[in-house]
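Q: One structure coming up, written as structure tokens, with questions to follow.
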Amino acid sequence: MPRALTRDEAVARRELLSVRSYQVNLDLVGAEADDTFTSTVSVDFTCAERGASTWLELKAAELVSAELNGRALDASAWQDDRLSLHDLQDTNHVTVTARMAYSRTGEGLHRYTDPEDGQVYLYSQAFLDDAPRLFACFDQPDLKAKFTLRISAPPSWVVLSNTAGEQGEPGRWTFATSQRISTYLVAVVAGPYHGVRGHHDGIDLGVWCRQSMAPYLDAERLLATTAVGFDYFHELFGVRYPFGKYDQAFVPEFNAGAMENPGLVTFRDEYYLPRGTVTADDRENLANTQLHEMAHMWFGNLVTMRWWDDLWLNESFAEYLAYRAAAEAAGQPGSWTAFLVKRKAWGYRADQLSSTHPVAGEAADTGAALLNFDGISYAKGASALRQLVEWLGDEAFLTGLRQHFADHAFDNASLSDLVDALSSASGRDVSTWADQWLRTSGPSTLSLAVTDDGAGRYTRVAVRQDAPQRLRPHRMAIGLFDLDGDALVRRALVAADVSADPESPVPALTGQPVADLLLPNDGDLTYALVDLDDASLTTVREHLVGLTDPLARALVWLTVSEMMGRGTFAPSGFVGLTARALGPLDPQPVTARVVRDAITAADLWSPTDQRDALLSTLAHALLQLARDAAPGSDQQLELVRGLVEITRDADLLRDWLAGVTVPQGVAVDDDLRWRLLHRAATLGAVRDDDIAAERERDRSSSGALHALTARAALPTPQAKEQAWTSAVEGRLSNHELLAVALGFWSADQRELLAPYVDRFAADYPGFAATQSAEMVQLFGRGLFPSTAVETSTVDLAERVLAEPALPAAARRSVADRRDEILRGLRARQAETAR
């Protein structure tokens, strides 16, 4: 049984070993036909204790041979994915040859056959503990080494790695020796990839994708963003990019958004290279992800955490710096508004789950570490950093970062190392701040306690703070908004330093005229949930449409949505507010967030006897808003997408598929056609033959996935059984499993799907026992009965969680989905209380 590496084991091995170099040879010549490839690795390392023992991680299909210091190792030395090494000397040389399996799960070396043209593509994903699926290694982040790769591949293929490569004989590639990097950052991309090269400021650049995706690769824009990013980070950090060339490869069936491998960043191609209409938000998402991965070249790659406890040193910094770069250098003035509704909202949601953890969390082993890559480690951490910059000042913050890079370049560091650098640069006690912000879990909730003199002026305003663990200091502002006709206008923005106490007076507001809306955290500088006072909430209900500031509007929308999830704002109220107040002042990211939350409110969280009426109200509103929106605008497209998801008008779906009665400006492209077909399938308005015809029209890889989704949505027992069985049997790839999950559950099919609620409890533990962590999470998140918002579903989740052998990844997925059901039940209680 494979074992996760524990923190204690990693610490002991780091004290024992120092790894000098890896020579890695991969034979991929037979990749188009074989299920395995040959991997040979030679590792040079030193040992602090002569005669000691250690191990290499090796996740292989077959061990061919192993030799330590000229001595052959018996096959029995390889057990539980570990190759034991005994009688170590001061300096050691180990060589391992193994047969490794190609993956269909996005882990290790993933192999993909493009259905559009039959071409085979490979890419690696060594993160978090999957480097041993590529080659035997000491797989922990603080055993950095230099890597030299030699790869054999079909002569017509492009082969890329972290460093520049040369093809000697046809198909024989040798790559330059890397800087010292961690094993999880080693990367390989191989296949008939299409590429465009560039050059900027002494750095060779390249962007790559499958040949069938070449029409959607905007190389000019990608290379321009890369150049902007390098210029910005070079100036900000005072340290040049240290890893030579910089390739960016868009690869199929990638699990994450992207991976920061030095010199060879990999991206999820179907997400970042859409085949349908490309919106401004699509372009900004891609640019932000590019900047995020570039920031990792310093935070994560140049300086790497010692252990996964400090993964936030990678992700929180990359998250913060990407949005900062987008706002300051990449021409995205709405960057922080997008951060609020996309990323910070994700952090708030994760921080209210039972699985919440501190930003600087505990990771007892690699299995636990994988589960901490969530909205807390990314968005909450980035939000905390915004607070830190406000408190320290930008110059002190940057001075501390530059010192941190100088002290730990090509090495490893911990939170305490960064705290020391920032404290030295600023002269402030950053360790206390870190204890308050990074070592506690759960969000603070801020509200305003208001009294007035009865004549229209405040006599006292104080910020009340509540938190599940420890109160925190907050530097924020309070917005005062007054009604001026139909407009809701900001009169003043008052700074407020909130102490780590239950109540913090705001003396600057004493004597001020009473505002129609008091908005805590106006400007969104701190990380905290907000409760509006009764008078302000009344103003929002009646006059939100008149609020013109985009960030303030976004903050109000998110505040009301979170109040709904906490059971203090009714779902019908949110649907009504959406119908009245959503409009052209809300950019696409905000529109998308509001529409998504309104659909959840109407479809899942409303009482059964109100659901049909609320869905009808919302559908009517979205259709009217789409007709009134600027033709061809991104907001119009978002409104149309929302309408398609919930409409019960089968005639409308058929008409739009035929290009009839579509709102002016809306292009019925491949993406929208599949959305229409998916909804029509859910309603039973199309059959399998219609899906097959659409698949024949769209032979792309995305078309193949959309067809799986549409078939899983069909309201027949046969379609549901086929979809469920294909998922449970584990014969789907990672993205195929995701596609089936996207179509399977629907609140419109409750009776048909009722048996599968219990089927989840019966089948998931067995699936989780035999599949990789990525697949376990995909199944748990996607095929949990999330549309059954009932106490019985909570009970079912508890039964699954009671399984003693349930893997950690499965336990986390079920617990998080249970908590979402509880959130919906709280919202429903607010409706009945109303």
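Q: Working carefully through the options 186, 158, find the one that is surrounded by 24 or more Cβ atoms within 10 Å (Cβ to Cβ), assigned by the TED database to the domain that holds residue 36 and β-branched (Val, Ile, Thr).
A: Testing whether each residue is surrounded by 24 or more Cβ atoms within 10 Å (Cβ to Cβ), assigned by the TED database to the domain that holds residue 36 and β-branched (Val, Ile, Thr) leaves just 186.
Q: Further question: Can you tell me which residues in segment 453-466 are in a loop (DSSP other than H, G, I, E, B) and either touching a residue at least 60 places away in the same chain (Cβ under 8 Å) or touching a strand residue (DSSP E or B) at 6+ places or on another chain (Cβ under 7 Å) (or both)?
A: Listed by number, the residues that qualify are 453, 456.
Q: Moving on. Assess whether residue 283 counts as being touching a helix residue (DSSP H, G or I) at 6+ places or on another chain (Cβ under 9 Å), surrounded by fewer than 24 Cβ atoms within 10 Å (Cβ to Cβ), part of a helix (DSSP H, G or I) and outside the structural domain of residue 390 (by the TED database).
A: yes
Q: Go through (1) in a loop (DSSP other than H, G, I, E, B); (2) out of contact with any helix residue (DSSP H, G or I) (no Cβ under 6 Å at 6 or more places or on another chain) for residue 715 and report which single condition fails.
A: Residue 715 satisfies every listed condition except (2).
Q: Suppose we keep only residues that are in a loop (DSSP other than H, G, I, E, B) and in contact with a Leu (Cβ under 7 Å, 6 or more places away or on another chain) within segment 537-582. Which one would you say is most open to solvent (accessible area, probe 1.4 Å)?
A: For segment 537-582, the residue satisfying everything is 548.
Q: If you don't mind, there's one more thing I want to ask. Just checking, which of 198, 229, 206 is over 21 Å from residue 109 (Cβ atoms), touching a residue at least 40 places away in the same chain (Cβ under 8 Å), of a type in the set (Gly, Ala, Ser) and surrounded by 17 or more Cβ atoms within 10 Å (Cβ to Cβ)?
A: The match here is 229.
Q: Another question, then. Using the structure shown, decide if residue 628 is buried (at least 19 other Cβ atoms within 10 Å of the Cβ) and either among the hydrophobic types (A, V, I, L, M, F, W, C) or under 25 Å from residue 584 (Cβ atoms) (or both).
A: no
Q: Which condition number does residue 250 fail, the rest of (1) in a helix (DSSP H, G or I); (2) within 23 Å of residue 164 (Cβ to Cβ) being met?
A: All conditions pass for residue 250, except number (1).
Q: Let me ask something additional. Taking residue 808 as the residue in question, decide whether it is in contact (Cβ under 8 Å) with a residue 40 or more places away in the chain, of a type in the set (Gly, Ala, Ser) and under 25 Å from residue 566 (Cα atoms).
A: no
Q: Another question, then. Restricting attention to segment 80-99, which residues are open to solvent by less than 10 Å² (accessible area, probe 1.4 Å) and either in contact with a helix residue (DSSP H, G or I) (Cβ under 6 Å, 6 or more places away or on another chain) or outside any strand (DSSP E or B) (or both)?
A: The answer is 83, 88.
Q: Given the conditions (1) surrounded by fewer than 17 Cβ atoms within 10 Å (Cβ to Cβ); (2) in contact (Cβ under 8 Å) with a residue 24 or more places away in the chain; (3) not β-branched (Val, Ile, Thr), report the number of the one that residue 721 does not fulfil.
A: All conditions pass for residue 721, except number (2).
Q: Quick test for you: out of 493, 519, 446, 480, pick the one residue that is of a type outside the set (Lys, Arg), open to solvent by 70 Å² or more (accessible area, probe 1.4 Å) and outside any loop (DSSP other than H, G, I, E, B).
A: After ruling out the rest, the residue left standing is 493.
Q: Something else: Give the residues of segment 1-24 that are polar (S, T, N, Q) and open to solvent by 30 Å² or more (accessible area, probe 1.4 Å), sorted by residue number.
A: Matches in segment 1-24: 6, 18, 23.
Q: Between 66, 31, 61, 52, which is open to solvent by 40 Å² or more (accessible area, probe 1.4 Å), modelled with pLDDT of 95 or more and either assigned by the TED database to the domain that holds residue 150 or among the charged types (D, E, K, R) (or both)?
A: 61
Q: Does residue 645 satisfy the criteria of being of a type outside the set (Val, Ile, Thr), outside the structural domain of residue 550 (by the TED database) and surrounded by 20 or more Cβ atoms within 10 Å (Cβ to Cβ)?
A: no
Q: A further question follows. Could you figure out which of (1) within 32 Å of the chain's Cα centre (by Cα); (2) more than 30 Å from residue 214 (Cβ to Cβ); (3) among the basic types (Lys, Arg) isn't true of residue 641?
A: The failed condition is (2).
Q: Before we move on, is residue 475 closer than 30 Å to residue 309 by Cβ, part of a strand (DSSP E or B), charged (D, E, K, R) and not assigned by the TED database to the domain that holds residue 378?
A: Yes, satisfied.
Q: Enumerate the pairs (first residue in segment 780-798 and open to solvent by 20 Å² or more (accessible area, probe 1.4 Å); second residue anywhere and among the hydroxyl-bearing types (Ser, Thr, Tyr)) with beta-carbon separation below 9 Å, excluding pairs fewer than 6 apart on the same chain, so at least 6 apart or on different chains.
A: Between residues of segment 780-798 that are open to solvent by 20 Å² or more (accessible area, probe 1.4 Å) and residues that are among the hydroxyl-bearing types (Ser, Thr, Tyr), the close pairs are 781/813; 786/793; 787/746.
The values are calculated or read from the model by the stated rules, or taken from the named source; none is laboratory data. Predicted, not measured: the structure shown is a model, and the values here were computed from it. Here Cβ is always computed from backbone atoms with ideal geometry, including for glycine, and neighbour counts include all displayed protein chains. Quick note on the areas: whole protein, heavy atoms, side chains included, nothing else; ligands and nucleic acids left out. Shrake-Rupley method; radii C 1.70, N 1.55, O 1.52, S 1.80 Å.
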